[in-house]
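Here the structure comes first, spelled out in C-alpha cells, and everything after it is commentary.
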Amino acid sequence: MTFENNFVNWVHATMPTTAKALLPNGDDAALLSSSPRGTLVATDMLLDGTHFVVGQTPPELIGRKSVAVNFSDIAAMGGTPDSIFISLAVPHSTCPKWLERVMNGAAEMAREFNCGIDGGDTNSWNGPFAINVCVVGRPHWRGPASRLGAKEKDVVMVSGRRLGDTLASEHHLNFTPRIKEAQWLLDHFEIHSMMDLSDGLASDAPRLAKASAVKIVLEVEKIIPSPWDAKDLRSALCDGEDFELLFTCSHANAVEIEHNFPWSCGIRRIGTVEKGEGVYLLHPKQTEAQLLDLHGYEH
Ligand SMILES: [Mg+2]
C-alpha cells in the first residue's frame, strides 16, 4: 500500500463528518444537502514559507490556520460553514505522522464549528508543502452580508481589541474566526456591508469602499490607542492577517451594537462612510482627512 492510500484510509477513519454529507466519505464526489437560500463557497491556499514555515510552525497550527482563514471568509458573509475539502501537496520527504498532525489541527477547528471534513486530495511531489481548503456553507437567514451595501452616513466598525502585530503575537496562527459574532450582528441588526480583514485595513477598507462606491474616513485615534505612534499605526493598517470583521451600519445601530455586543473579542467604531470614493485617514487634531496611501500585506 502506498503512503497516500494509508493516509486516505486514516483520514476516512478519523476526520469529523456531519449530517450535511449524505454519503460516507470516500466516494468519487461528496453529496451535500442543499440550502434553500443558496450556498456559500470560499477557498484559500496556504503555502510553506508564505503563510507558515514547516519546521517552525507546529503542524497542528498549520492545519488550524488553513481552516480558520476559510471560516473567516464565511464569517464575513454572516454564514455558517458546513463542509470543508482539503487538498494537500506533500513533499516526498514528509513524515506521515507530521501530516496527521496537520489534519488533526484542521479537524479541531472544524469540530469547533460543527463542520465536516468531507473530501479532498493528496499528492506527493518534489516541491514544498501546500494546503488548499475549500469551505461550503449556508448564508444567514437574512441573506448574505456583502461588501456592496455601505451607505453614506454609515458608521464603520471593526471587531477585536487591536489590529496589527499579528506575526509576532502569533495571532495569525491561533485566531478564532468571527463566525458567531457575525451571526449575532446579522441576527439583531441591519448590517449594510461586511468583509473580513485578511490583508490589513489599508488594503481591505479600499476594497469595501470601492465595492460600495463610497468614501471611507477612518479616525486614527479609534484605530490605535496611542495615535501619535507611527509604527503602531503602520502595523494596524498594513500587517494583515487580523481576521476581524470590518462592517458598516447606521449610526443608531452602531451605538446599540457597542452597548450590547456580548462577545469577549470586543467591537468598536473606527470611522464613517461619506459620499465619494477612496479611504481617508483623519489624524488627531486635524480637520481634514488625508488619502490613505499605504498598502497592506500582499500575498
Ligand atoms: Mg475575505
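The values are calculated or read from the model by the stated rules, or taken from the named source; none is laboratory data. Values in this document were obtained by computation on a predicted structure and should not be read as measured data. Quick reminder, even Gly has a Cβ in these numbers, built from the backbone with ideal geometry, and neighbours come from all protein chains shown. Ligands, DNA and RNA are stripped out before the accessible areas are found, and what is left, the full protein with its side chains, is counted by its heavy atoms. Shrake-Rupley method; radii C 1.70, N 1.55, O 1.52, S 1.80 Å.
Miscellaneous remarks
- Qualifying residue in the range 248-264 (condition: within 23 Å of the chain's Cα centre (by Cα), open to solvent by less than 40 Å² (accessible area, probe 1.4 Å) and within 19 Å of ALA68 (Cβ to Cβ)): no
- One residue stands out in the range 213-246 among those that are more than 15 Å from the chain's Cα centre (by Cα) and charged (D, E, K, R): the one that is most open to solvent (accessible area, probe 1.4 Å), namely LYS231.
- Condition met for ALA236 (more than 16 Å from the ligand (Cβ to nearest atom), free of Cβ contacts under 8 Å to residues at least 40 places away in the same chain and over 25 Å from GLY143 (Cβ atoms)): no
- For the range 63-102, filtering for residues that are assigned to a helix (DSSP H, G or I), open to solvent by 10 Å² or more (accessible area, probe 1.4 Å) and away from the ligand (no atom under 16 Å from the Cβ) leaves 6.
- Tally, over the range 30-42, of residues that are exposed (fewer than 13 other Cβ atoms within 10 Å of the Cβ) and at pLDDT below 90: 3
- Of the strands (runs of 3 or more DSSP E) that lie entirely inside the range 109-212, not one contains 2 or more residues that are in contact (Cβ under 8 Å) with a residue 12 or more places away in the chain, open to solvent by less than 70 Å² (accessible area, probe 1.4 Å) and of a type in the set (D, E, K, R).
- Restricting attention to the range 162-191, the residues being closer than 24 Å to HIS259 by Cβ, touching a Leu at 6+ places or on another chain (Cβ under 9 Å) and away from the ligand (no atom under 14 Å from the Cβ) number 4.
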